[in-house]
Amino acid sequence: MPWNTPTLKDTRRLARDYVLSQLGAKAMIPNSVLRIMSDAMAGLTHLTFLYLDWLAKQLMPDTAEQEWLDRHGQIWLVNADGSKGRKAATYASGTVQFEGNDDIVIPVGTTMNGANGVEYQTVTEGEIGSGGLGTAEAVALTSGSISNLPDGDTLSLEPAIPGVTLVPLVGDMTGGVDEETDDQLRERILFRIQNPPMGGSQADYVRWAMAVPGVTRAWAAQEIGPGTMTVRFLMDDLYPDNHGLPTPADVEVVSDYIGQMRPVTVKDTFVMAPILFLYNITIRNLTNDDPSVRARIEASIKDMEFERSKPGQTWYRSWVDEAISQAVGEETHELDYESTEMPAPAYMPVLGTVLYA
């Protein structure tokens with residue numbers, strides 16, 4: 001904030017003092033016309049101060065609210081799909097299999113419903129062959145992570161096609177990503193401001209990776225040597241049950257975009273997921289040892305990992321100890337764990353097993 005906003009009481013005092021100074025008087029009679037008028041003007045002035053205080057916050061991306069934050073994003077950020085500002089939600093897609101009578105044609109635009117309540121539509125024509133099976137590519141008609149489905153889920157045809165008995169997925173229906181949150185957008189804007197484009201610096205590679213929908217964390221380093229660049233990234237929101245590890249298809253998307261943006265003078269660029277290094281800890285003599293406290297401890301450690309963990313990062317005992325101590329309900333504990341160096345730059349520390357003794 002550029003100033004400390006005066007309170008209404010302070011504003012009234014200043015207004016009364018100003019009136020007295022203009023009149024050359026020593027005191028103002030309570031409930032007099034001048035006092036009432038000065039207090040009324042003080043109220044209006046105070047509202048102006050509050051507005052200026054709010055406006056000052058909107059002018060800075062680190063304190064801006066949603067509408068103004070989007071304005072900052074439109075100015076500073078260009079995404080992998082060519083859009084500006086906030087990364088939009090995306091639609092899941094995948095392959096569906098049709099089982100039924102031979103020689104039935106599945107037209108483009110055939111609609112299906114999933115158990116998640118999302119409607120899907122074929123974008124390629126399918127035909128059930130002599131084996132009673134046929135496939136077609138489909139896409140969700142609702143964007144966001146809700147449109148993702150696991151391999152083997154069954155869809156229902158709406159309306160039904162005579163002779164088609166079953167419509168299971170072949171592989172995952174994936175790629176549906178929620179709209180970028182305010183915090184994620186704010187972080188990207190600040191990173192862009194603090195790391196201006198340099199024609200291929202490490203920060204440029206991180207920014208390019210982060211411009212792809214679904215990417216929540218990215219790192220770049222010369223792991224193989226000068227003239228090369230290795231980019232590793234995670235998609236925490238899309239794959240929360242797999243530590244955010246991207247699929248080969250996701251790696252290909254990020255690699256293609258970085259290939260378009262990177263300098264031609266770079267000898268080799270490698271884009272891949274980090275290799276998880278699972279570390280185990282033992283917590284002894286935990287006070288208030290119950291399932292809720294244990295759950296909060298493990299959640300606190302994972303939150304700390306989100307902030308500190310990265311490929312090649314030495315994992316310090318003090319960081320884990322601090323995260324345990326910050327969990328609500330924890331009072332005292334003893335930690336069995338020693339700081340660990342990663343075996344190679346590609347490895348990234350992730351909490352494995354937590355034992356309580």
Taking every pair of alpha-carbon atoms in the chain, what share in percent sits in each 20 Å bin, from 0 to the bin with the longest distance?
21, 38, 28, 11, 2, 0
Highest-fluctuation residue, THR332, THR174, THR124 considered, GNM on the chain with Cα pairs under 10 Å
THR332
In a GNM of the chain with a 10 Å cut-off on Cα contacts, which of LEU238, LEU155, LEU278 has the highest mean-square fluctuation?
LEU278
Lysine pairs in the chain 8 or more apart or on different chains: how many have alpha carbons under 29 angstrom apart?
9
Sort out for me the Cα centre separation of the range 323-357 from the range 171-195, rounded to whole Å.
28
How far is it, in nm, from the label point at VAL170 to the one at ASP237 when both lie 7 Å from their Cα along the line to the Cβ?
3.1
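Add -39500 (n - 2.57) for each DSSP H run of 4 or more in the chain, then divide by its residues: what number comes out at 222 nm, to the nearest 500 deg cm²/dmol?
Numbers: 8 runs with 117 residues, N = 357.
Taking each H run of at least 4 residues, the total per residue is -10500 deg cm²/dmol.
If you average the sequence gap of Cα pairs under 8 Å that are 6 or more apart and divide by the length of the chain, what percent do you get for the contact order? Please list the in-between numbers first.
Details: 676 pairs, mean separation 40.9, N = 357.
It rounds to 11 percent for the chain.
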Among PRO248, MET198, MET272, which residue has its Cα positioned farthest towards the positive end of the charge dipole of the chain, with +1 placed on the Cβ of Lys and Arg, -1 on the Cβ of Asp and Glu, and the dipole taken about the Cα centre?
MET198
GNM top mover of VAL105, VAL33, VAL231 - the chain, alpha-carbon springs below 10 Å
VAL33
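Every number in this text was worked out from the coordinates using simple rules, so none of it is lab data. Being a predicted model, the structure only gives us computed values, none of them experimental. As a convention, Cβ positions derive from the backbone with ideal geometry for all residues, glycine included, and neighbour counts pool all protein chains shown.
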